[in-house]
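J.: Dropping the structure in here first, questions after.
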Amino acid sequence: MSTNTKGIGPLQGIAMTVTTFVGTGLMVLPALSVSIAHEQTAYSWIFTALIIMPIAIIFALLGARLPHAGGASHYIGQAFSKPLQDAVGWLFLSILIVGPAVAIKITANYLAAFLGFDQSMFIYLYILIFILFLGFGLAGIQTSAKTQTAIVVLMLLAIVWLAIKGDILNAVQLTQAPITDTQWQQTFSAISVVFWCFLGIEVMAHLGGEFKNPARDFPIAMIVGISVVIVCYLTVVFLIFAYSSYGDEQTNNQSIAVLVSSIAGESASRWVSFGAFVISFANVSIYLLGFGRMVQAMSENKALPAYLGKLNRFGSPGNAIIIVNLVCAGSLILGESFNLKMEWLIEMTNGSFLTVYTLASLAAWHLLKGKVRYLAIPALMACTFIALQIGESMLFAFVMLGTAYLFSYFKAHKTAIA
(Lines give C-alpha, C1' and ligand atoms only; values in the text may rest on other atoms or scores of the structure.)
Protein backbone atom coordinates (compact mmCIF):
# COMPACT_ATOMS: atom_id res chain seq x y z
CA MET A 1 0.00 0.00 0.00
CA SER A 2 1.14 3.50 -0.70
CA THR A 3 0.57 4.48 2.91
CA ASN A 4 3.10 1.96 4.19
CA THR A 5 6.81 2.60 4.61
CA LYS A 6 8.76 0.14 2.47
CA GLY A 7 11.90 -0.44 4.52
CA ILE A 8 12.21 -4.20 5.19
CA GLY A 9 14.88 -6.21 3.37
CA PRO A 10 15.19 -10.04 3.15
CA LEU A 11 17.38 -10.44 6.26
CA GLN A 12 15.14 -8.27 8.42
CA GLY A 13 12.16 -10.12 6.96
CA ILE A 14 13.66 -13.47 7.97
CA ALA A 15 14.32 -12.11 11.46
CA MET A 16 10.73 -10.88 11.80
CA THR A 17 9.41 -14.22 10.53
CA VAL A 18 11.50 -16.12 13.09
CA THR A 19 10.42 -13.95 16.04
CA THR A 20 6.80 -14.05 14.84
CA PHE A 21 6.78 -17.86 14.78
CA VAL A 22 9.09 -18.48 17.74
CA GLY A 23 8.51 -15.88 20.46
CA THR A 24 6.10 -16.99 23.15
CA GLY A 25 5.56 -20.32 21.41
CA LEU A 26 9.11 -21.45 22.12
CA MET A 27 8.56 -20.72 25.81
CA VAL A 28 5.55 -23.01 26.26
CA LEU A 29 4.63 -25.10 23.18
CA PRO A 30 7.50 -27.64 23.37
CA ALA A 31 6.68 -28.43 27.01
CA LEU A 32 2.93 -28.49 26.37
CA SER A 33 3.32 -30.80 23.37
CA VAL A 34 5.68 -33.12 25.27
CA SER A 35 3.07 -33.33 28.04
CA ILE A 36 0.65 -34.70 25.42
CA ALA A 37 2.80 -36.86 23.10
CA HIS A 38 5.84 -37.75 25.28
CA GLU A 39 8.48 -39.75 23.32
CA GLN A 40 6.61 -39.18 20.05
CA THR A 41 6.49 -35.36 20.29
CA ALA A 42 9.12 -34.77 17.60
CA TYR A 43 6.85 -36.52 15.10
CA SER A 44 3.98 -34.17 16.03
CA TRP A 45 6.22 -31.22 15.12
CA ILE A 46 7.50 -32.81 11.91
CA PHE A 47 3.97 -33.68 10.77
CA THR A 48 2.73 -30.16 11.55
CA ALA A 49 5.67 -28.59 9.69
CA LEU A 50 4.96 -30.70 6.60
CA ILE A 51 1.27 -29.87 6.80
CA ILE A 52 1.86 -26.13 7.21
CA MET A 53 4.33 -25.71 4.33
CA PRO A 54 1.70 -25.61 1.54
CA ILE A 55 -0.20 -22.94 3.50
CA ALA A 56 3.00 -20.93 4.02
CA ILE A 57 3.82 -21.11 0.30
CA ILE A 58 0.28 -19.94 -0.58
CA PHE A 59 0.66 -16.90 1.71
CA ALA A 60 4.15 -16.20 0.35
CA LEU A 61 2.80 -16.18 -3.21
CA LEU A 62 -0.22 -14.05 -2.33
CA GLY A 63 1.91 -11.64 -0.28
CA ALA A 64 4.36 -11.26 -3.16
CA ARG A 65 1.68 -10.64 -5.78
CA LEU A 66 -0.83 -8.65 -3.69
CA PRO A 67 1.07 -6.85 -0.89
CA HIS A 68 -1.53 -5.14 1.28
CA ALA A 69 -1.98 -4.25 4.96
CA GLY A 70 -5.29 -6.15 4.90
CA GLY A 71 -3.44 -9.45 4.40
CA ALA A 72 -5.75 -12.47 4.10
CA SER A 73 -8.95 -10.43 4.33
CA HIS A 74 -7.82 -8.41 1.28
CA TYR A 75 -7.06 -11.59 -0.72
CA ILE A 76 -10.45 -13.06 0.23
CA GLY A 77 -12.23 -9.84 -0.69
CA GLN A 78 -10.52 -9.75 -4.09
CA ALA A 79 -11.52 -13.34 -4.78
CA PHE A 80 -15.07 -13.34 -3.38
CA SER A 81 -16.91 -10.33 -1.95
CA LYS A 82 -16.52 -7.28 0.24
CA PRO A 83 -18.92 -8.58 2.95
CA LEU A 84 -16.77 -11.72 3.31
CA GLN A 85 -13.62 -9.55 3.35
CA ASP A 86 -15.04 -7.46 6.19
CA ALA A 87 -16.22 -10.59 8.02
CA VAL A 88 -12.72 -12.10 7.89
CA GLY A 89 -11.32 -8.83 9.21
CA TRP A 90 -13.74 -9.01 12.12
CA LEU A 91 -12.88 -12.69 12.69
CA PHE A 92 -9.20 -11.81 12.80
CA LEU A 93 -9.87 -9.03 15.27
CA SER A 94 -11.98 -11.39 17.41
CA ILE A 95 -8.79 -13.37 18.02
CA LEU A 96 -7.79 -10.48 20.29
CA ILE A 97 -10.39 -11.84 22.72
CA VAL A 98 -8.58 -15.16 23.24
CA GLY A 99 -5.11 -15.20 21.65
CA PRO A 100 -2.87 -12.41 22.99
CA ALA A 101 -3.86 -13.12 26.61
CA VAL A 102 -1.95 -16.42 26.41
CA ALA A 103 1.17 -14.78 24.96
CA ILE A 104 1.10 -11.90 27.44
CA LYS A 105 0.80 -14.30 30.39
CA ILE A 106 3.85 -16.23 29.15
CA THR A 107 5.79 -12.96 28.72
CA ALA A 108 4.90 -11.89 32.27
CA ASN A 109 5.87 -15.32 33.67
CA TYR A 110 9.42 -15.04 32.36
CA LEU A 111 9.79 -11.45 33.52
CA ALA A 112 8.60 -12.58 36.96
CA ALA A 113 11.12 -15.45 36.95
CA PHE A 114 13.91 -12.98 36.16
CA LEU A 115 12.87 -10.45 38.81
CA GLY A 116 11.95 -13.08 41.41
CA PHE A 117 8.35 -11.85 41.67
CA ASP A 118 5.43 -13.99 42.83
CA GLN A 119 1.85 -14.05 41.52
CA SER A 120 0.80 -11.07 43.65
CA MET A 121 3.10 -8.77 41.61
CA PHE A 122 1.78 -9.78 38.18
CA ILE A 123 -0.61 -6.82 37.92
CA TYR A 124 2.37 -4.44 37.94
CA LEU A 125 4.18 -6.55 35.36
CA TYR A 126 1.14 -6.48 33.07
CA ILE A 127 0.96 -2.67 33.29
CA LEU A 128 4.67 -2.35 32.48
CA ILE A 129 4.43 -4.77 29.55
CA PHE A 130 1.46 -2.94 28.01
CA ILE A 131 3.31 0.39 28.26
CA LEU A 132 6.25 -1.18 26.39
CA PHE A 133 3.93 -2.70 23.77
CA LEU A 134 2.35 0.68 23.18
CA GLY A 135 5.75 2.37 22.83
CA PHE A 136 7.04 -0.16 20.31
CA GLY A 137 3.80 -0.14 18.33
CA LEU A 138 3.74 3.65 18.04
CA ALA A 139 7.44 3.73 17.06
CA GLY A 140 6.64 1.87 13.84
CA ILE A 141 7.89 -1.09 11.86
CA GLN A 142 11.44 0.16 11.29
CA THR A 143 12.29 0.19 15.00
CA SER A 144 10.64 -3.20 15.48
CA ALA A 145 12.44 -4.83 12.54
CA LYS A 146 15.90 -3.67 13.63
CA THR A 147 15.30 -4.72 17.23
CA GLN A 148 14.04 -8.15 16.23
CA THR A 149 17.03 -8.80 13.95
CA ALA A 150 19.34 -8.44 16.96
CA ILE A 151 17.03 -10.58 19.11
CA VAL A 152 17.00 -13.41 16.54
CA VAL A 153 20.79 -13.55 16.45
CA LEU A 154 20.99 -13.77 20.25
CA MET A 155 18.20 -16.36 20.38
CA LEU A 156 19.90 -18.63 17.83
CA LEU A 157 23.18 -18.39 19.75
CA ALA A 158 21.35 -19.32 22.97
CA ILE A 159 19.73 -22.37 21.33
CA VAL A 160 23.08 -23.53 19.96
CA TRP A 161 24.57 -23.15 23.45
CA LEU A 162 21.71 -25.17 24.97
CA ALA A 163 22.12 -27.88 22.32
CA ILE A 164 25.84 -28.24 23.06
CA LYS A 165 25.55 -27.96 26.82
CA GLY A 166 22.55 -30.31 26.98
CA ASP A 167 24.06 -33.00 24.70
CA ILE A 168 21.47 -32.76 21.95
CA LEU A 169 22.65 -35.97 20.24
CA ASN A 170 21.85 -38.03 23.33
CA ALA A 171 18.48 -36.25 23.68
CA VAL A 172 17.52 -37.07 20.08
CA GLN A 173 18.08 -40.79 20.73
CA LEU A 174 15.29 -40.79 23.33
CA THR A 175 12.69 -40.05 20.62
CA GLN A 176 10.49 -42.96 19.54
CA ALA A 177 8.28 -43.36 16.51
CA PRO A 178 4.56 -43.87 17.20
CA ILE A 179 3.60 -47.54 16.83
CA THR A 180 0.49 -48.31 18.86
CA ASP A 181 -2.92 -46.74 18.32
CA THR A 182 -2.54 -44.82 21.59
CA GLN A 183 0.81 -43.37 20.52
CA TRP A 184 -0.59 -42.29 17.14
CA GLN A 185 -3.57 -40.69 18.89
CA GLN A 186 -1.27 -38.76 21.25
CA THR A 187 0.93 -37.70 18.32
CA PHE A 188 -2.02 -36.30 16.36
CA SER A 189 -3.59 -34.75 19.48
CA ALA A 190 -0.46 -32.65 20.03
CA ILE A 191 -0.85 -31.17 16.52
CA SER A 192 -3.79 -29.05 17.71
CA VAL A 193 -1.39 -27.36 20.15
CA VAL A 194 1.73 -27.33 17.93
CA PHE A 195 -0.23 -25.47 15.24
CA TRP A 196 -0.07 -22.35 17.46
CA CYS A 197 3.60 -22.06 16.47
CA PHE A 198 2.69 -21.31 12.85
CA LEU A 199 0.03 -18.66 13.37
CA GLY A 200 2.41 -15.87 12.29
CA ILE A 201 1.73 -16.62 8.62
CA GLU A 202 -1.34 -14.40 8.74
CA VAL A 203 0.35 -11.66 10.78
CA MET A 204 3.28 -11.52 8.33
CA ALA A 205 0.81 -11.23 5.44
CA HIS A 206 -0.37 -7.86 6.83
CA LEU A 207 3.22 -6.62 6.60
CA GLY A 208 3.80 -7.66 2.97
CA GLY A 209 3.53 -4.05 1.81
CA GLU A 210 6.34 -3.04 4.18
CA PHE A 211 9.01 -4.91 2.16
CA LYS A 212 11.30 -3.04 -0.23
CA ASN A 213 10.73 -5.69 -2.91
CA PRO A 214 7.69 -7.80 -1.89
CA ALA A 215 7.82 -10.11 -4.94
CA ARG A 216 11.38 -11.20 -4.11
CA ASP A 217 11.85 -10.61 -0.37
CA PHE A 218 8.52 -11.75 1.11
CA PRO A 219 8.73 -15.41 -0.08
CA ILE A 220 12.39 -15.58 1.04
CA ALA A 221 11.49 -14.26 4.48
CA MET A 222 8.63 -16.75 4.88
CA ILE A 223 10.30 -19.95 3.63
CA VAL A 224 13.78 -19.44 5.11
CA GLY A 225 12.32 -18.10 8.35
CA ILE A 226 10.01 -21.10 8.82
CA SER A 227 12.88 -23.53 8.16
CA VAL A 228 14.94 -21.89 10.92
CA VAL A 229 11.92 -21.99 13.24
CA ILE A 230 11.41 -25.74 12.79
CA VAL A 231 15.03 -26.48 13.70
CA CYS A 232 14.79 -24.27 16.81
CA TYR A 233 11.59 -25.90 18.07
CA LEU A 234 12.80 -29.46 17.51
CA THR A 235 16.01 -28.71 19.41
CA VAL A 236 14.07 -27.44 22.43
CA VAL A 237 11.56 -30.33 22.24
CA PHE A 238 14.35 -32.92 22.39
CA LEU A 239 16.01 -31.22 25.37
CA ILE A 240 12.79 -30.63 27.35
CA PHE A 241 11.86 -34.30 27.10
CA ALA A 242 15.39 -35.45 27.96
CA TYR A 243 15.53 -33.25 31.08
CA SER A 244 11.84 -33.70 32.07
CA SER A 245 11.25 -29.92 31.98
CA TYR A 246 7.48 -30.23 31.62
CA GLY A 247 4.43 -31.18 33.64
CA ASP A 248 1.80 -28.87 35.17
CA GLU A 249 0.81 -25.48 33.69
CA GLN A 250 3.23 -23.49 35.86
CA THR A 251 6.17 -25.71 34.83
CA ASN A 252 5.16 -25.54 31.17
CA ASN A 253 4.90 -21.73 31.32
CA GLN A 254 8.49 -21.49 32.60
CA SER A 255 9.84 -24.61 30.85
CA ILE A 256 12.88 -22.87 29.32
CA ALA A 257 13.94 -21.55 32.73
CA VAL A 258 13.45 -25.03 34.24
CA LEU A 259 15.47 -26.60 31.40
CA VAL A 260 18.37 -24.18 31.76
CA SER A 261 18.34 -24.65 35.52
CA SER A 262 18.77 -28.41 35.00
CA ILE A 263 21.56 -27.94 32.46
CA ALA A 264 23.53 -24.96 33.79
CA GLY A 265 22.19 -24.04 37.27
CA GLU A 266 19.95 -21.36 38.79
CA SER A 267 22.15 -18.38 37.95
CA ALA A 268 22.10 -19.11 34.23
CA SER A 269 18.37 -19.84 34.43
CA ARG A 270 17.66 -16.34 35.75
CA TRP A 271 19.36 -14.62 32.83
CA VAL A 272 17.84 -16.99 30.30
CA SER A 273 14.46 -16.04 31.79
CA PHE A 274 15.26 -12.44 30.91
CA GLY A 275 16.18 -13.49 27.37
CA ALA A 276 12.94 -15.46 27.14
CA PHE A 277 11.04 -12.36 28.22
CA VAL A 278 12.73 -10.26 25.52
CA ILE A 279 11.95 -12.85 22.82
CA SER A 280 8.33 -13.18 24.00
CA PHE A 281 7.96 -9.41 24.09
CA ALA A 282 9.32 -9.07 20.53
CA ASN A 283 6.94 -11.78 19.34
CA VAL A 284 3.82 -10.23 20.88
CA SER A 285 4.77 -6.73 19.71
CA ILE A 286 4.88 -7.84 16.05
CA TYR A 287 1.54 -9.62 16.50
CA LEU A 288 -0.04 -6.45 17.88
CA LEU A 289 1.49 -4.39 15.07
CA GLY A 290 -0.06 -6.87 12.60
CA PHE A 291 -3.43 -6.45 14.31
CA GLY A 292 -2.96 -2.67 14.11
CA ARG A 293 -2.36 -2.90 10.37
CA MET A 294 -5.52 -5.00 10.08
CA VAL A 295 -7.53 -2.28 11.86
CA GLN A 296 -5.92 0.32 9.57
CA ALA A 297 -6.93 -1.67 6.47
CA MET A 298 -10.51 -2.10 7.73
CA SER A 299 -10.68 1.63 8.39
CA GLU A 300 -9.51 2.43 4.86
CA ASN A 301 -12.10 -0.07 3.61
CA LYS A 302 -14.77 1.86 5.61
CA ALA A 303 -15.55 -1.10 7.88
CA LEU A 304 -14.23 0.92 10.85
CA PRO A 305 -14.08 4.68 11.64
CA ALA A 306 -11.68 6.73 9.51
CA TYR A 307 -9.57 7.98 12.43
CA LEU A 308 -8.31 4.42 13.00
CA GLY A 309 -6.58 4.47 9.63
CA LYS A 310 -4.44 7.55 10.30
CA LEU A 311 -0.65 7.09 10.44
CA ASN A 312 1.64 8.89 12.87
CA ARG A 313 5.00 10.47 11.95
CA PHE A 314 6.72 7.06 12.26
CA GLY A 315 4.38 5.53 9.67
CA SER A 316 2.52 3.52 12.32
CA PRO A 317 -1.31 3.45 12.68
CA GLY A 318 -1.18 5.03 16.14
CA ASN A 319 -4.90 5.12 16.93
CA ALA A 320 -5.33 1.50 15.82
CA ILE A 321 -2.37 0.41 17.98
CA ILE A 322 -3.94 2.05 21.05
CA ILE A 323 -7.31 0.32 20.44
CA VAL A 324 -5.61 -3.07 19.93
CA ASN A 325 -3.72 -2.73 23.22
CA LEU A 326 -6.89 -1.75 25.10
CA VAL A 327 -8.77 -4.79 23.76
CA CYS A 328 -5.87 -7.07 24.73
CA ALA A 329 -5.86 -5.62 28.23
CA GLY A 330 -9.60 -6.30 28.56
CA SER A 331 -9.11 -9.85 27.28
CA LEU A 332 -6.36 -10.48 29.83
CA ILE A 333 -8.54 -9.19 32.68
CA LEU A 334 -11.41 -11.50 31.65
CA GLY A 335 -9.10 -14.49 31.31
CA GLU A 336 -7.61 -13.93 34.75
CA SER A 337 -11.03 -13.34 36.30
CA PHE A 338 -12.53 -16.59 34.98
CA ASN A 339 -9.26 -18.59 35.27
CA LEU A 340 -9.51 -19.86 31.68
CA LYS A 341 -7.22 -22.77 30.76
CA MET A 342 -4.33 -21.92 28.45
CA GLU A 343 -4.80 -25.03 26.26
CA TRP A 344 -8.44 -24.08 25.64
CA LEU A 345 -7.52 -20.50 24.65
CA ILE A 346 -4.79 -21.82 22.33
CA GLU A 347 -7.18 -24.18 20.53
CA MET A 348 -9.84 -21.47 20.04
CA THR A 349 -7.20 -19.15 18.63
CA ASN A 350 -5.93 -21.92 16.34
CA GLY A 351 -9.48 -22.51 15.07
CA SER A 352 -9.91 -18.85 14.15
CA PHE A 353 -6.61 -18.63 12.29
CA LEU A 354 -7.28 -21.95 10.56
CA THR A 355 -10.60 -20.62 9.25
CA VAL A 356 -8.78 -17.61 7.80
CA TYR A 357 -6.14 -19.91 6.24
CA THR A 358 -8.85 -22.07 4.65
CA LEU A 359 -10.57 -19.08 3.06
CA ALA A 360 -7.20 -17.65 1.92
CA SER A 361 -6.37 -20.98 0.26
CA LEU A 362 -9.71 -20.89 -1.57
CA ALA A 363 -8.93 -17.30 -2.61
CA ALA A 364 -5.52 -18.41 -3.92
CA TRP A 365 -7.27 -20.80 -6.32
CA HIS A 366 -9.06 -17.79 -7.84
CA LEU A 367 -6.24 -15.22 -7.70
CA LEU A 368 -3.10 -17.15 -8.63
CA LYS A 369 -2.38 -17.98 -12.26
CA GLY A 370 -0.78 -21.01 -13.86
CA LYS A 371 0.35 -24.19 -12.11
CA VAL A 372 1.04 -22.47 -8.77
CA ARG A 373 -2.71 -22.25 -8.14
CA TYR A 374 -2.76 -26.03 -7.66
CA LEU A 375 -0.80 -25.51 -4.42
CA ALA A 376 -4.15 -24.42 -2.99
CA ILE A 377 -5.30 -28.07 -3.04
CA PRO A 378 -2.71 -29.46 -0.55
CA ALA A 379 -3.17 -26.28 1.52
CA LEU A 380 -6.91 -26.97 1.79
CA MET A 381 -6.25 -30.63 2.63
CA ALA A 382 -3.86 -29.49 5.38
CA CYS A 383 -6.47 -27.10 6.81
CA THR A 384 -9.09 -29.87 6.86
CA PHE A 385 -6.77 -32.28 8.67
CA ILE A 386 -5.83 -29.76 11.37
CA ALA A 387 -9.49 -28.76 11.82
CA LEU A 388 -10.31 -32.38 12.64
CA GLN A 389 -7.61 -32.35 15.34
CA ILE A 390 -8.90 -29.08 16.86
CA GLY A 391 -12.47 -30.41 16.98
CA GLU A 392 -15.16 -28.54 18.90
CA SER A 393 -12.92 -25.54 19.57
CA MET A 394 -13.54 -24.62 15.91
CA LEU A 395 -17.04 -23.48 16.98
CA PHE A 396 -15.68 -20.13 18.26
CA ALA A 397 -14.40 -19.29 14.77
CA PHE A 398 -17.57 -20.46 13.02
CA VAL A 399 -19.84 -18.41 15.29
CA MET A 400 -17.66 -15.29 14.99
CA LEU A 401 -17.33 -15.56 11.19
CA GLY A 402 -21.04 -16.28 10.68
CA THR A 403 -22.12 -13.37 12.87
CA ALA A 404 -19.63 -10.99 11.23
CA TYR A 405 -20.67 -12.05 7.72
CA LEU A 406 -24.38 -11.48 8.39
CA PHE A 407 -23.58 -8.05 9.86
CA SER A 408 -21.36 -7.09 6.88
CA TYR A 409 -23.80 -8.49 4.31
CA PHE A 410 -26.82 -6.59 5.62
CA LYS A 411 -24.73 -3.44 6.06
CA ALA A 412 -23.56 -3.64 2.42
CA HIS A 413 -27.13 -4.36 1.25
CA LYS A 414 -28.48 -1.36 3.18
CA THR A 415 -25.77 0.88 1.72
CA ALA A 416 -26.55 -0.33 -1.80
CA ILE A 417 -30.26 0.48 -1.37
CA ALA A 418 -29.44 3.92 0.03
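J.: What number, in percent, do you get for the relative contact order of the range 42-187 if the mean sequence gap of Cα pairs under 8 Å and at least 6 apart is divided by its residue count?
T.: Over the range 42-187, the number comes to 20 percent.
J.: How far apart, in nanometres, would the label points at L132 and W184 be if each is projected 7 angstrom from Cα along the Cα-to-Cβ direction?
T.: The two pseudo-label positions are separated by 4.5 nm.
J.: Also, quick follow-up: Which entries in the list K212/K369; K212/K310; K310/K369; K310/K411; K82/K212; K82/K310 go over 26 Å, if you measure between the two C-alpha atoms of each?
T.: On the way: K212/K369 24 Å; K212/K310 22 Å; K310/K369 34 Å; K310/K411 23 Å; K82/K212 28 Å; K82/K310 22 Å.
Exceeds cut-off: K310/K369; K82/K212.
J.: Quick one: ranking M294, M53 by accessible area, 1.4 Å probe, largest first, what do you get?
T.: On the way: M294 5, M53 50 Å².
Sorted descending by solvent-accessible area, the residues read M53, M294.
J.: Tell me the label only: which of (i) 20.4, 70; (ii) 22.9, 81; (iii) 21.4, 68 is Rg and Dmax of the Cα atoms in Å as calculated from this structure?
T.: (i)
J.: Additional query: What residues qualify as long-range amide H neighbours of L304, i.e. H under 5 Å apart, gap of 5 or more or another chain, H built at 1.01 Å from N?
T.: S299
J.: Considering the Cα positions of the range 198-348, please state its Rg to one decimal place and its Dmax as a whole number of Å.
T.: Calculated on Cα positions, Rg and Dmax stand at 18.9, 55 Å.
J.: Here's another thing I want to ask about it. For Y43, tell me the accessible area in Å² from a 1.4 Å probe, rounded to the nearest 10.
T.: 70 Å²
J.: Could you look at the chain and say what percent of its accessible area is carbon and sulfur, using a 1.4 Å probe and all protein chains?
T.: Of the solvent-accessible surface of the chain, carbon and sulfur hold 68 percent.
J.: Before I look further, what does the range 63-181 give for accessible area per residue, probe 1.4 Å, in whole square angstrom? Could you put the intermediate results ahead of the total?
T.: Details: 5120 Å² over 119 residues.
The answer is 43 Å² per residue.
J.: Further, regarding this structure: Tell me the accessible surface of R65 in square angstrom (1.4 angstrom probe, heavy atoms of protein chains only), to the nearest ten.
T.: For R65, the solvent-accessible surface is approximately 130 Å².
J.: For the range 304-374, evaluate the Debye formula with one uniform point scatterer on each Cα (no solvent term) and list log10 I(q)/I(0) at q = 0.12, 0.18 Å⁻¹, rounded to two decimals.
T.: -0.63, -0.93
J.: Still on this structure, I have one more. List, in order, the whole-Hz ³J(HN,Hα) value for each residue of the range 251-259 obtained from phi through the Karplus relation with A = 6.51, B = -1.76, C = 1.60 and θ = phi - 60°; use x for Gly and Pro.
T.: Rounded to whole hertz, the list is 5, 4, 5, 10, 4, 5, 5, 5, 4.
J.: Using only Cα atoms, tell me the angle between helix 82-94 and the longest principal axis of the chain; keep it within 0 to 90° and round to the nearest 10.
T.: Its long axis makes an angle of about 30 degrees.
J.: From the helices alone, meaning DSSP H stretches of at least four residues, give me the mean residue ellipticity at 222 nm for the chain, per-run term -39500 (n - 2.57), in deg cm²/dmol to the nearest 500.
T.: Calculated from helices alone, the mean residue ellipticity at 222 nm is -26000 deg cm²/dmol.
The values are calculated or read from the model by the stated rules, or taken from the named source; none is laboratory data. Note that the structure is predicted; figures quoted are calculated from it, not measured. FYI the Cβ positions are ideal-geometry reconstructions off the backbone, even for glycines, and counts take in every protein chain you see. Each accessible area value is taken on the protein alone, full model and side chains, heavy atoms only, with ligands, DNA and RNA left out. Shrake-Rupley method; radii C 1.70, N 1.55, O 1.52, S 1.80 Å.
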